[in-house]
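Here is the structure we will look at, set down as structure tokens.
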Amino acid sequence: MTSATTTTFTTLQQDMRRYLERGATLASDAVVYEQIPRLINLAERRIARELKVQGFINVVTGTMSVGLSVYDKPDRWRDTISINIGTGANNDTRQFLFTRGYEYLRSYWPDSTQTGTPQFYGDYDYSHWLVAPTPDAEYPFEVLYYELPPLLSDEVQTNWITEYAPELLLYASLLEATPFLKNDERIQVWQAMYDRAAAMLNGEDLKKILDRSTVRKEA
């Protein structure tokens, strides 16, 4: 009886070489052999960019500082879902912040040296959030966000995608490889298979993800 196999960075490279019939060894096809890991990483970025599924959700917690209105986003952040802070006598009452644009935040709270209970947040830039009002106390905060999973490498053999969507990653990797190999006739094939795997993953995800008050159609 053959046991089930697990997709890893190493086995995915092997699978790609078989599907592409290229890059089997460094000596025989060095250019393709060396490019395959980069193509896999491009595929991972494509998946994280195009899909918003539960497996890409992460949580970060921390404490706001008095008088500080700009906060670092976590590594590999892609998109913010929600931010809440702890308020009340013991900071155990959760209050969600409303998302607003940068211009709104600056207009609403033009003097960042003045402080109050934060009500809003927005993107300051790709790596930072801006909150308004500027915190007047050390509020604990919790952020739900979509992240780019740790990229596969010789040191990182598995991640959420290899565990739960290995076929999606394979087709995405092959789709990234076809323009590199100038094999344009295969693009439609891999695109169709990628789209089907993505649709199945999205459909599965929508059945189990609830919006905070209602069933959501899109994360």
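Bear in mind these aren't lab numbers, they're just calculated from the coordinates by the rules spelled out. Source: prediction; values computed, not measured. With ideal geometry, Cβ positions are generated from the backbone for all residues, glycine too; neighbour counts draw on all protein chains shown.
Remarks
- Neighbour cut-off at most 13 other Cβ (10 Å), DSSP loop, GluC sites (Glu not before Pro), the range 145-189: 155
- FRET efficiency estimate (nearest 0.05) - Cβ-Cβ, residue 19 to residue 184, R0 22 angstrom: 0.85
- q = 0.24 Å⁻¹: log10 I(q)/I(0) that the Debye formula gives for the range 46-144, counting C-alpha atoms only: -1.32
- Within a Gaussian network of the chain (alpha carbon springs, distance under 10 Å), most fluctuating of 172, 43, 137: 137
- A straight chain from residue 113 to residue 28 at 0.36 nm per residue would run longer than the Cα-Cα distance by 24.2 nm.
- A Gaussian network model of the chain, with springs between Cα atoms under 10 Å, assigns the largest mean-square fluctuation among 198, 30, 48 to 30.
- Low-density loop positions, trypsin sites (Lys or Arg not before Pro), the range 41-78 - DSSP coil, at most 16 other Cβ in 10 Å: 76
- Principal-axis tilt of helix 187-208 within the chain, Cα atoms, nearest 10 degrees: 40
- Within the listed set 68, 170, 148, the residue fluctuating most in the Gaussian network model of the chain (springs between alpha-carbon atoms under 10 angstrom) is 68.
- Residue 50 paired with residue 103, simple spin-label distance in nm, labels 7 Å along Cα-to-beta-carbon: 3.3
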